[in-house]
Amino acid sequence: MKISLVIPIYNEEGLIDELIPRVKSALETIDPQFEIVVVDDGSADGSLQKLTAQRKADKRIKILSLSRNFGHQSAFTAGLEYANGDVVAMMDGDLQDPPELLPEMYRKLTSEGYDIISGKRTARKGNKTKNLVTGLFHFLFKRMAHLEDLENAGNFSMMNRQALNALLSMDERVRYLPGLRTFIGFRQGFVEYVREDRLQGEPKMNLSKLLVLAADAIFSFSRLPIRICLTLGLVGTVVFMLAGLYVLAAKIFGFAVLGWPSTVLSIYFLGSIQLIFLGVVGEYVYRIYKESQKRPLYFIKKIYDNEEEA
Ligand code: UDP
Ligand code: MG
């Protein structure tokens, strides 16, 4: 059984010379016939040179060089589509996920009859605010999307060919891979680990990229935003019907006063609610538009997998 490991890389030149040897020695213990598929997501630093140098020494490293930065979900997708192992793992390239866990994942996958093994984070080291936001997202998302298994599982995972084919058969443009991976079902297992701080350099997923990813996850896996609008709309309607009755009564029984504050406040209130609802509807329209464009998720500039050339 051949194993492939997919790693997205975006401006990680300082990490590669530590990353590759650690990954290699972890994979050696599984099967020396492994392949490492590194996706260079349009790095602007020396990452690609570092990677090609590593490949020169070891042809088991394949490099997909994307035509620009497409974001890490697309980079993962590119690598997963290219990988040809019977078992395929995915892992971030910043050593926040320990490669040393791969043999344990493989053992569980193959000898305990699982189709998918995800790494579950029991704790996170590193930036406190970011970890708080991530933790809160996982707490809410699990409940919203009814993907109970998902809490605290990220991209770090391993799956067999059958599960991978199912995952790749969903060709939606707006992608949240951990959600999709849980959605497909099959027998899912976990290994627990502590998520380290990144070994070196700044996170490439800043807070705003993370928020976009969170919004993608929520909008594509849950109806909650629509439900909130609908519920608030219904409550609002009841409240304003009662208020309308009161106004009519006031008119009939002659105790109506010139109400500047109440008029202005209800206009403000209704106006802002409508704007929020329009925003939510807009999010959906935007997503429908994105899907209907059917643009490729990434373009490959060059594949380094030819045995003859470097
Ligand atoms: N990454 C990528 N493209 C991007 C952003 C990140 O390929 O546009 C890679 C990055 O090099 C790293 C992994 O995705 O290997 C995770 O990125 P990061 O550590 O910034 O994410 P976080 O740990 O904050 O979720
Ligand atoms: Mg990271």
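Rank-order 176-183, 40-47 by packing density, defined as the average count of other C-beta atoms within 10 Å over each peptide's residues, highest first. Please list the in-between numbers first.
On the way: 176-183: 21.2, 40-47: 19.8.
Listed from highest to lowest mean packing, they are 176-183, 40-47.
Between their Cα atoms, which of K56/K302; K62/K294; K50/K108; K130/K301 are more than 21 Å away from each other? Numbers along the way, then the final one.
On the way: K56/K302 16 Å; K62/K294 27 Å; K50/K108 33 Å; K130/K301 33 Å.
Cα-Cα > 21 Å for K62/K294; K50/K108; K130/K301; rest within.
Whole-Å semi-axes of the stretch 1-135's equivalent ellipsoid, largest first, each the root of 5 times a Cα gyration tensor eigenvalue?
Ellipsoid half-lengths, sorted descending, are 22, 21, 14 Å.
Assuming 0.890 mPa s and 25 °C, estimate D for the stretch 23-67 with Stokes-Einstein, Rh taken as the Kirkwood radius over Cα pairs, in µm²/s. All intermediate terms of the calculation are to be shown ahead of the outcome.
Working: Rh = 11.2 Å.
It diffuses with D of about 219 µm²/s by this estimate.
Going through the DSSP H helices of the chain, which span 30 Å or more along their own axis at the Cα atoms while scoring at least 0.5 as a mean Kyte-Doolittle hydropathy?
Details: long enough: 224-253 (43 Å, 1.95); 260-293 (48 Å, 0.60).
Answer set is 224-253, 260-293.
With the calculation restricted to Cα positions, what are the radius of gyration and Dmax of the stretch 224-293 in angstrom?
Expressed in Å, the Cα Rg and Dmax of the stretch 224-293 come to 17.3, 59.
For a paramagnetic label modelled at 7 Å from the Cα of K108 toward its Cβ, which residues of the stretch 13-37 fall within the zone defined by backbone nitrogen distances under 15 Å?
From the stretch 13-37, the list is empty.
Where does each of V257, V264, V39, V23 land when they are ranked from fewest to most other beta-carbon atoms within 10 angstrom? Could the numbers behind the result be given before it?
Details: V257 7, V264 10, V39 29, V23 23.
Sorted ascending by nearby Cβ count, the order is V257, V264, V23, V39.
All other residues with a Cβ under 9 Å from the Cβ of Y82 taken together, and with Lys, Arg as +1 and Asp, Glu as -1, what is their net charge? Each step should come with its number before you reach the end.
Values: positive: K62; negative: E81, D305.
Residues close to Y82 contribute a combined charge of -1.
Counting just the Cα atoms, what span does the chain cover along each of its three principal axes? Round to the nearest Å and put the largest first.
93, 41, 37
Amide H to amide H, which residues 5 or more places from K302 or on other chains are under 5 Å from it, using H placed in the peptide plane?
Under 5 Å from the amide H of K302: S65.
By average Cβ neighbour count within 10 Å, what is the ranking of 120-128, 5-13 from highest down?
Working: 120-128: 14.3, 5-13: 24.9.
Per-residue mean Cβ counts within 10 Å order the peptides as 5-13, 120-128.
Taking a ≥ b ≥ c as the square roots of the eigenvalues of the Cα gyration tensor of the stretch 66-195, is the shape rounded (a/c under 1.5), prolate (a/b larger than b/c) or oblate? Could the numbers behind the result be given before it?
Working: a/c = 1.31, a/b = 1.15, b/c = 1.14.
Cα axes put the stretch 66-195 in the rounded bin.
Pick from L136, L213, L64: which residue has the top mean-square fluctuation in a GNM of the chain where Cα pairs under 10 Å get a spring?
Of L136, L213, L64, the Gaussian network model singles out L136 as fluctuating most.
Fewest first, what order do T237, T77, T134 take by the number of other Cβ atoms within 10 Å? Don't skip to the end; give the middle numbers.
Numbers: T237 10, T77 24, T134 19.
Fewest to most other Cβ atoms nearby, the residues stand as T237, T134, T77.
Every number here is computed from the coordinates shown, using simple stated rules; none is lab data. Keep in mind it's a predicted model, so treat the numbers as computed, not measured. Don't worry about glycine lacking a Cβ; one is built from the backbone with ideal geometry, like all the others, and counts go over all protein chains shown.
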